[in-house]
Amino acid sequence: MSQEKITKYDHKKIEQLWKEKWYADNIYEAVDFSPKPKKYILAELPYPSGKSLHVGHAMRYTVPEMYSRFLRMKGYNVMFPMGWDAFGLPTEMYAIKNGVSPQDATKKLAIDYKKAFMDIGYGVDWNREINTTDPEYYKWTQWLFLKFYENGLAEYKDMPVWYSQTAGILADEEVINGENGEKIAERDGSKVERKMFKQWVLKIPAYTEKLLEGLNQVDFPESIKSAQINWIGKKEGINITYKIKDSKETVTVFTTRPDTNFGATFVVIAPEHPLVERIIKPEFKTKVMEYARKSKNKSELERMEGGKNKSGEFTGSYAINGLNGYEMPIYVADYVLMGFGTGVVVGVPGHDRRDFEFAGLFNLPVVRVVVGGDGDTSDITKIEQVQEDEGTMINSSFLDGMDIHKATQKIMDFMVEKGMGERSTTYKIRDWIFSRQRYWGEPIPVIHTQDGKTQALADRLLPLELPYSNDYTADSFGTAPLGKLKAWIKTQDKNGQPAERESQTMPTWAGSSWYFLRYIDPHNDKAFADFKKMKYWLPVDKYFGGAEHTTVHLLYSRFWHRFLYDLGLVPCPEPYQWRMNGGLMLGPDGKKMSKRLGNIVEPGVLIENYGADATRIALAFIGPYSDTYPWNENTIKAMWRLVKNIYDLKEKVVLGDVKQDDESEAIKKSYNKLVKNVTEMCNALKMNTAISEIMIFVNDLKRTKTVDVETWKGFIKVIAPFMPFVAEELWQEINNFTTWDKNNSIHWQSWPKFDKTQIQNVATSLPIMINGKIRGQMTTTPIDTEETIRVKIAEDGKLRTYLQDKEIKKLVFVTGKIVSIQI
RNA sequence: GGGCGAGUGGCGGAAUGGCAUACGCGCGACACUUAAAAUGUCGUGGCCGCAAGGUCAUGAGGGUUCAAGUCCCUCCUCGCCCACCA
């Protein structure tokens, strides 16, 4: 096989030639149990719903991919895998639009996406490609779901859910605030409302403590940790039980501020709370029940508007505050939520804004029990006087004079001792609704028996394949698309009795909750992954993804993994050692790329016009990975020039000895700096500045006449992670390789080293600062000391004008950095 | 309302407490061209100055330090996430 020599930079020829060879020989193979140290570099798997890869997504893969190439050259056994997360509504809608089945659409999209990934030259081990919609894959998603089921962490129960006519049943995290504050479906922007449905849930609240504790073991940015901590929403407080006047019933409230309890003047119950019916006085029944019914049907928009305009009804009953015997009227109001704490709140209007608003509505007394920094002890009449943060107790018996934090502890101890309450911890995170009334998802491998119970499918019946259907719509109430397939739904339980299959499917998050495990052992048909292989590869060393997944995918997949760890099925408690969130690539107009605005930039077009190398470095150079910025068409033009300039520089390479002169010395110095800086920047994942360093070196080379062959080869290695195609071409050419051998690929070479002495032991220009201003420069070498510097300064003509007749009060000399003088 | 983060040229952005504005874009001048595009060379924070040089600039104001974009305090603005969560 002979390789045609390419003399003029022609990205199409170069890219076609090398990508064929790379992928045919799978040069980016990740080797199980290799003696080399491993690195598992993971980027969130794409969701192939559109025609092809989006430039915004390409940006998120390019930097991690460059990093994985750098590590491979540094001698690591690198896994940089790729797969397709293809269940879910977008694929279903794509299929409908194109008149094909979701199964066929997914197959085609996966092929298109894979081609796009190859076109841009991503160094993926394609033997590990996965697709979450492949029955051989979702067999294990189902199997893992049954582990939750067997351990009581997957349950079928009535849950309030969001419901949209077009998007079906949605979980909290799939519903966002629309432009006018109204709740809409994230998927398609349709209106949603609250409904009760029988749902499968995964009980993530059972894992809150482990998930919180696990954050201490991982290297995540503070912002991600705190987002997850807030999402879990752990609050420590106390459940206080009050007796109800003239009744055997009691009412229990949750509060984090029992210190203010001497200022409690009323109690509020959530309208749907079961206690309401038991404590209500007959003469108030009609009104309260009417109120409860109304608030149940209130849309979220109305409830939010209610935030400015409180409402409620008196029940006729009173709770007795054990601290002071105060009789607190009990109300129902929908600003109290059933799902948090005990569903009952004690009203302290002097020190809680919502309680103050409510007290105003019913003319309830407002009592001050905390004095803030302003010392105000007057009656509280305005919302501005309500304060919650810091202060000292008053009007509170034995708490008076105490700081509120101390008082909080004191009163809790007191109440626990007197049997008035129990310390309690509550969490914001709820059960994770894990079923959807959609067609295109993993069938839940459970059957409903005649007696109304559920039964898991036996392992040998997995995968439970998704049956073909032409009808992807759910009935407006009750029946999921699969429920319409009567023949499929009908089945038998373990005892041969008639039973029905579950008709709901799993959410999009199912397959992606454990996909990183399947990459480790993608073809295993005995287990979701081999334990020894997991032990070798886990945890994921670096995980890159979108900020929008911080509290959804990232947290929930940690939950799956931690659960599997507790079962002894995976070797480590935390799946991801390190995480970085990627920013967003906006359109050239600075707006979020969208079909509607027509500002989408497609990487395929860029690759066609400017080449994959230019596209790659444009995506990495335009800004830091985590930031959001607009696409700029000029950038890729500049990057194309850079690649072309590099290609043309090969004419300057001298194969024999190069004449030693100032020019060759300068290049040597510049080269060593290049290697040092690019190495550091790759380690720090600052690919934008790494590319700047390459530009600086290229600028230096452009100014010189020749470059020696060793420097040139080192330079090609440096650019290889960024511009893999042109690097391969130049590498093959300079080495005169006439036939392809993967061992000779630039991508199997080792990363160059640099010579420290070339950077350090050189004369440098040292700035001289006098009274905080730079007043001169001076040539120094590393052997200079403070003494020699003092002499040089005294001799310097220019500096003398500043120092004349002045005494040097202080002189600070930082080697190689600065001399700072005070006069 | 709560949490997190960010404010540096015309723009994207650099800068372990040590010469602010690297690198790129854009712009200007010049070269090549009949001309334009492309390409190349040089220049490019503001103000004063022919120049040498001086001086002011990292959202605003204070502070620590020989030295602050960087650390501390107060404030302003913007972005993202959460939000009647007790």
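The values are calculated or read from the model by the stated rules, or taken from the named source; none is laboratory data. All figures in this text were calculated on a predicted structure; none of them were measured in a lab. No Cβ is skipped: glycine too gets one built from the backbone with ideal geometry, and neighbour counts run over all protein chains shown.
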query = Within segment A:483-501, can one find any residue that is crowded, with 22+ Cβ neighbours inside 10 Å and of a type in the set (Val, Ile, Thr)?
reply = no
task = Please find, within segment A:241-275, the residue that is farthest from RNA strand B (Cβ to nearest atom) out of those that are assigned to a helix (DSSP H, G or I) and surrounded by 23 or more Cβ atoms within 10 Å (Cβ to Cβ).
result = A:PHE262
query = Filtering segment A:313-334 down to residues that are closer than 12 Å to A:ALA292 by Cα and in a loop (DSSP other than H, G, I, E, B), which residue is farthest from RNA strand B (Cβ to nearest atom)?
reply = A:ALA333
message = From the list A:GLN758, A:GLN804, A:GLN732, exactly one residue is away from RNA strand B (no atom under 14 Å from the Cβ), more than 17 Å from A:ILE646 (Cβ to Cβ) and out of contact with any Lys or Arg (no Cβ under 9 Å at 6 or more places or on another chain). Which is it?
response = A:GLN804
Hits in segment A:48-92 - residues which are assigned to a loop (DSSP other than H, G, I, E, B) and farther than 29 Å from A:PRO102 by Cβ = A:LYS74, A:GLY75, A:TYR76
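Residue-wise test of (1) hydrophobic (A, V, I, L, M, F, W, C); (2) without any contact (Cβ under 8 Å) to a residue 24 or more places away in the chain; (3) under 22 Å from A:THR265 (Cα atoms); (4) not in a loop (DSSP other than H, G, I, E, B).
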site	(1), (2), (3), (4)
A:ALA359	yes, no, yes, yes
A:PRO365	no, no, yes, no
A:ARG368	no, no, yes, no
A:GLY375	no, yes, no, no
A:ILE380	yes, no, yes, no
A:GLU390	no, yes, yes, no
A:THR408	no, no, yes, yes
A:GLY441	no, no, no, no
A:HIS448	no, no, no, yes
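Per-residue answers, yes or no, for (1) among the hydroxyl-bearing types (Ser, Thr, Tyr); (2) out of contact with any strand residue (DSSP E or B) (no Cβ under 8 Å at 6 or more places or on another chain); (3) farther than 30 Å from A:ARG69 by Cβ; (4) within 10 Å of RNA strand B (Cβ to nearest atom):
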{"residue": "A:SER750", "(1), (2), (3), (4)": "yes, yes, no, no"}
{"residue": "A:ALA794", "(1), (2), (3), (4)": "no, yes, yes, no"}
{"residue": "A:LYS798", "(1), (2), (3), (4)": "no, no, yes, yes"}
{"residue": "A:ILE808", "(1), (2), (3), (4)": "no, no, yes, no"}
{"residue": "A:LEU811", "(1), (2), (3), (4)": "no, no, yes, yes"}
{"residue": "A:VAL819", "(1), (2), (3), (4)": "no, no, yes, yes"}
message = Please verify whether A:GLU209 is within 30 Å of A:SER557 (Cα to Cα) and either more than 11 Å from RNA strand B (Cβ to nearest atom) or at pLDDT below 90 (or both), treating the condition exactly as stated.
response = yes
inquiry  = Can you find, within segment A:18-75, the residue that is surrounded by the fewest Cβ atoms within 10 Å (Cβ to Cβ) among those that are without any contact (Cβ under 8 Å) to a residue 60 or more places away in the chain and of a type in the set (A, V, I, L, M)?
reply    = A:ALA24
ask   = Within the bounds of segment A:619-641, is there any residue that is more than 9 Å from RNA strand B (Cβ to nearest atom) and within 22 Å of A:GLN732 (Cα to Cα)?
value = no
ask   = Before we move on, is A:GLN387 of a type in the set (S, T, N, Q), surrounded by 17 or more Cβ atoms within 10 Å (Cβ to Cβ) and under 42 Å from the mean Cα position of the chain (by Cα)?
value = yes
request  = Inspect all residues belonging to segment A:678-696 and state whether any of them is more than 29 Å from A:PHE117 (Cβ to Cβ) and within 16 Å of RNA strand B (Cβ to nearest atom).
outcome  = yes
key: Unmet criterion (only one of (1) surrounded by fewer than 20 Cβ atoms within 10 Å (Cβ to Cβ); (2) in a helix (DSSP H, G or I)) for A:GLY419   = (2)
inquiry  = If A:THR615 satisfies all but one of (1) farther than 24 Å from A:LEU685 by Cα; (2) of a type in the set (Val, Ile, Thr); (3) in contact with a helix residue (DSSP H, G or I) (Cβ under 8 Å, 6 or more places away or on another chain), what's the number of the condition it fails?
reply    = (1)
query = Which one of the conditions (1) within 16 Å of RNA strand B (Cβ to nearest atom); (2) closer than 19 Å to A:ARG69 by Cβ does A:LYS705 fail to meet, given that it meets all the rest?
reply = (2)
key: Total residues in segment A:18-30, condition more than 17 Å from A:GLU65 (Cα to Cα) and either at pLDDT below 95 or touching a helix residue (DSSP H, G or I) at 6+ places or on another chain (Cβ under 6 Å) (or both)   = 2
